[in-house]
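Just so it is clear, none of the values below were taken in a lab; they were calculated from the coordinates. Everything numeric in this text was worked out from a predicted model, so none of it was measured. Glycine also receives a Cβ, built like all others from the backbone with ideal geometry; neighbour counts cover every protein chain displayed.
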Amino acid sequence: MSHLDQVLARIDEDLGASLNRLFGLLRIPSISTDPAYKVECRKAAEWLAADLEGLGFAAGLRETPGHPVVLAHQRREGAPHVLFYGHYDVQPVDPLELWETPPFEPRIAELPGGRKIIVARGACDDKGQVMTFIEACRAWKTVTGSLPVGITVLIEGEEEDGSRNLPEFVERTKDELACDVALVCDTGMWDRETPAITASLRGLLYEELIVRAADRDLHSGLFGGAAQNPIHVLSRIIASLHDADGRITVPGFYDGVVETPPDVLEQWKALNLTAEEFLGGVGLKYPAGEKGRLLIEQIQSRPTCDVNGIIGGYTGEGTKTVIAAEARAKISFRLVGDQDPDAIRECFRDFVRRQLPADCSVEFIAHKGSRAVALPYDGPVLGKARKALAAEWGKEPVTIGSGGSIPVVGDFKRVLGVDSLLVGFGLDDDRVHSPNEKYDMTSFHKGIRSWARILAELAA
């Protein structure tokens, strides 16, 4: 029996103890956004550091202006070195009354059809996912006395609060974080039977703009028809952001956008993602993105522009006949390929300024931006992960993109110069950020086995 076979057998035998350890972490209410839970966040960090230290890692807490980072190292001479990233903080539990049982009292439940699930806040996002990797390391250490590759573990405590202090931490400790590849377990599977590798993440640009006209709110009976109305002006600008085919009209916006390789596009077509399947669950029917594009392209590999909020004028009960002095909007752009958020920011601002009539001014408020990141579809690390996941799940994994953004992946590329392999075992019905969050037992068990196989492949 090979070492890997022994490790996999050990994972199966130790599943009950693995669950108990996960439950111990889940019982800690490490809500990072609420200052009342600051002590609990530190407690979760200390729990993880102690567990990693017990596995032979040189582990400890590193202080930040916010919650501490857990950092642990275990070197292996002559072997590749990987950096594993996850987070120990969780979302608030509100509304508490919608939880069937207390959110920090983890339990095993059974769904119709016999699916067993772990229910607790953080079960999927991200404590359960983090522990799949740690338990895989534990099995390797128990069976062989060592890890197949060198490993650095970085587990932060502010992901649910925007990872405000992580970029500076990565910059400050970049020499200590040096590695060949980063591993991230904070994503999901395609479905319950099909593993997925997230090979690309869209970037993000967020802008806020305020259009102003008169120096006060005006009576619409006295000034209507003569005075500029900032809400009208802003509405026209917003309406002009897309053409009739769904393309974004900001000049220069598509600079750096790359097409998905044809073979990958064929793989995506074979997934048969339909509008009925994807949009039906939220009460919609028809894709609203760029015409001539697959739905799956629209949500993961094409750039977007969305208005996230419009504020202006009187919005209270009843009526108030007023022309507002100002109107504002919050607008986000999801970026792909080599799109430069700084360049697009300037193109967008020029686009807005050119449409401003006389008597109007505009103020821009910049929020952070991040570039898209992508792992080469034909890269060796991706190939190793595909082989490991196919062996565990009995079918080829899907290589997909994510419509969302994980800024730390960009930080790893920018500061450390390394790509990130994103493999996660969450499911669409895990109720992440919602009451009764869950994690399938199969995701937890086979997630551990998957990481054990990936580590073996990375060492090969």
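Brief remarks follow.
- Within the shell of other residues whose beta carbon sits under 12 angstrom from the beta carbon of L458, the net charge comes to +2, with Lys and Arg scored +1 and Asp and Glu -1.
- Segment 67-112, Rg to Rh (Cα coordinates; Rh as Kirkwood inverse mean 1/r): 1.20
- A simple count of charges around K438, restricted to other residues whose Cβ falls under 15 Å of its Cβ and scoring Lys, Arg +1 and Asp, Glu -1, yields -3.
- Three-way shape call for segment 268-343 based on the alpha-carbon gyration tensor, with the a/c threshold at 1.5: oblate
- Relative packing of 289-297, 366-374, which averages over residues the other C-beta atoms within 10 Å, highest first: 366-374, 289-297
- Over 32 Å between alpha carbons, listed pairs K291/K387; K43/K384; K291/K384; K368/K395; K330/K413; K116/K413: K291/K387; K43/K384; K291/K384; K368/K395; K116/K413
- For the chain, share of DSSP beta bridges that run antiparallel, in % to the nearest 5: 70
- Gain in span if fully extended, D350 to D243, counting 0.36 nm per residue against the direct Cα distance: 36.7 nm
- Ordering of 229-236, 128-135, 199-206 by packing is 128-135, 199-206, 229-236, highest average first (other Cβ atoms within 10 Å, averaged per residue).
- Degrees separating the helix 127-144 axis from the principal Cα axis of the chain, which is the longest one: 20
- From the largest down, the chain spans 86, 50, 49 angstrom on the principal axes of its Cα atoms.
- FRET efficiency for T321 and E259, using Cβ-Cβ distance with R0 set to 56 Å, rounded to 0.05: 0.65
- Length gained on full extension, R414 to E13, computed as 0.36 nm times the residue gap minus the Cα-Cα distance: 140.3 nm.
- The overall shape of segment 364-460 is oblate: from the C-alpha gyration tensor, with semi-axes ordered a ≥ b ≥ c, the ratio a/c is 1.5 or greater and a/b is no larger than b/c.
- Based on DSSP H segments of at least four residues, each scored -39500 (n - 2.57), the chain has a per-residue ellipticity at 222 nm of -10000 deg cm²/dmol.
- For the peptides 137-147, 8-18, residues were scored by their other Cβ atoms within 10 Å and the scores averaged per peptide; the highest-first order is 137-147, 8-18.
- Label zone at F364, where the point sits 7 Å out along the Cα-to-Cβ direction: segment 201-242 residues whose backbone N lies under 16 Å: 204-212, 237-238, 241
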